[in-house]
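The values are calculated or read from the model by the stated rules, or taken from the named source; none is laboratory data. Keep in mind that what you see is a predicted model, and the values were worked out from it rather than measured. As a convention, Cβ positions derive from the backbone with ideal geometry for all residues, glycine included, and neighbour counts pool all protein chains shown. Heavy atoms of the whole protein, side chains included, go into the accessibility calculation; ligands, DNA and RNA do not. Shrake-Rupley method; radii C 1.70, N 1.55, O 1.52, S 1.80 Å.
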Amino acid sequence: SKMKAGLIWFNGQMVPQEEAKVSVLTHALHYGTSIFEGLRAYNTPQGPAIFRLQEHTERFFHSAKVMMFELPFSPEQINQAIQEVVRANGYTSCYIRPLAWMGAHTLGVNPLPNNPAEVMIAAWEWGTYLGEEAVRKGARLITSSWARFPANVMPGKAKVGGNYVNSALARVEAQQAGADEALLLDKEGFVAEGSGENIFFIRHGVLYAVEHSVNLMGITRDSVITIARDLGYEVREVRATRDQLYMADEVFMVGTAAEVTPVSYLDHRAIGTGKAGEHTMKIRAAYMDVVHGKNPKYAAWLTYVK
Ligand SMILES: Cc1[nH+]cc(COP(=O)(O)O)c(CN[C@@H](CCC(=O)O)C(=O)O)c1O
């Protein structure tokens, strides 16, 4: 099924998807030297709104800095371009994918002097990342045989294309095992994160967020910690082991694409009662209210697309 992304912002111009092409000699295609972001726009009573635009754009520029890319656009230009992609396609809710990459100037591994990066921003309608079933009944996870890369192997705080070979391998392994998603441990065997999500667990009413360590500093993780605390939950940021997850009353994972997804099984062991957790679904509902502009307390997190 061909992705339908309609009009794409490509190096400063809106072009039809069919014209947004790159050369097969593109450095990033060969070596994974790209950076990207994932945002969502949601429909609200006041029209489409992008969730935490500033934070995503800030991380996009941090990822570029880690890779020594020179982005030929300012953060404000990227913010405006992201809004333009939603507007030009007439989306009321969509997933937005900014991408910057090393182009076709050189195919030596060293991307320099290739570092004026190319930039595109596409958007498409993406529903429930792991499927409605996984939200209703809780996702089934297996611990991947692929560990999350150590901090001195790959820059896990940056959303670098090449990092996602690790995620893709884990995700394929999970799917081949009949699971919905993979849990990755770090090289010491402690819980890291999902292939595309951060991990939380709940025990005796206390919420635990897996600490940053080698993981991506998720914006959804940050939002959920704030929302949960405002709901009155105690939230601790901890290093955790996989058997702590086995013993938890609830486990859930969060991300822009995954939103808040309950986990009902991990490595064939039921988490709690083996259903979507009660606190998890309460926090999910609160999160979905926030992103749909139904909670004025978090108005600052929404950028309305006029
Ligand atoms: C490894 C990883 N960890 C945590 C997160 C959560 O980060 P945040 O979106 O800021 O809360 C994501 C986002 N994964 C993105 C890519 C998904 C994809 O399949 O591509 C996303 O959720 O947009 C990750 O890729």
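Okay, here's what the table says:
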| quantity | calculated |
| --- | --- |
| Unmet requirement for residue 87, which otherwise passes all of (1) in contact with a Ser or Thr (Cβ under 9 Å, 6 or more places away or on another chain); (2) open to solvent by 50 Å² or more (accessible area, probe 1.4 Å); (3) not polar (S, T, N, Q) | (1) |
| Among (1) closer than 16 Å to residue 257 by Cβ; (2) surrounded by fewer than 19 Cβ atoms within 10 Å (Cβ to Cβ), the one test that residue 123 misses | (2) |
| Considering residues of the stretch 151-172 that are among the polar types (S, T, N, Q) and either buried (at least 17 other Cβ atoms within 10 Å of the Cβ) or modelled with pLDDT under 95 (or both) only, the residue nearest to the ligand (Cβ to nearest atom) | 167 |
| Any hit, the stretch 47-66, residues being surrounded by fewer than 21 Cβ atoms within 10 Å (Cβ to Cβ) and in contact with a Gly (Cβ under 8 Å, 6 or more places away or on another chain) | no |
| Single condition residue 284 does not satisfy, out of (1) under 21 Å from residue 234 (Cα atoms); (2) in contact with a Lys or Arg (Cβ under 9 Å, 6 or more places away or on another chain); (3) surrounded by fewer than 22 Cβ atoms within 10 Å (Cβ to Cβ); (4) not hydrophobic (A, V, I, L, M, F, W, C) | (2) |
| From 219, 202, 225, residue being within 13 Å of the ligand (Cβ to nearest atom), of a type in the set (A, V, I, L, M, F, W, C) and farther than 27 Å from residue 32 by Cα | 225 |
| Strands (runs of 3 or more DSSP E) completely within the stretch 2-115 that count 1 or more residues being within 16 Å of the ligand (Cβ to nearest atom), touching a helix residue (DSSP H, G or I) at 6+ places or on another chain (Cβ under 8 Å) and of a type outside the set (Asp, Glu) | 34-36, 39-44, 47-51, 94-101 |
| In the stretch 246-280, the residues that are out of contact with any Lys or Arg (no Cβ under 6 Å at 6 or more places or on another chain), under 12 Å from residue 194 (Cβ atoms) and within 16 Å of the ligand (Cβ to nearest atom) | 251, 252, 253, 255, 257, 258, 261, 263 |
| Checklist (1) within 16 Å of the ligand (Cβ to nearest atom); (2) open to solvent by 60 Å² or more (accessible area, probe 1.4 Å); (3) out of contact with any helix residue (DSSP H, G or I) (no Cβ under 9 Å at 6 or more places or on another chain) applied to residue 237, failing item | (3) |
| Qualifying positions in the stretch 257-306 - more than 11 Å from residue 139 (Cα to Cα), in contact (Cβ under 8 Å) with a residue 40 or more places away in the chain and of a type in the set (S, T, N, Q) | 280, 303 |
| Of all residues in the stretch 263-299 being among the polar types (S, T, N, Q) and more than 22 Å from the chain's Cα centre (by Cα), the one that is farthest from residue 43 (Cα to Cα) | 273 |
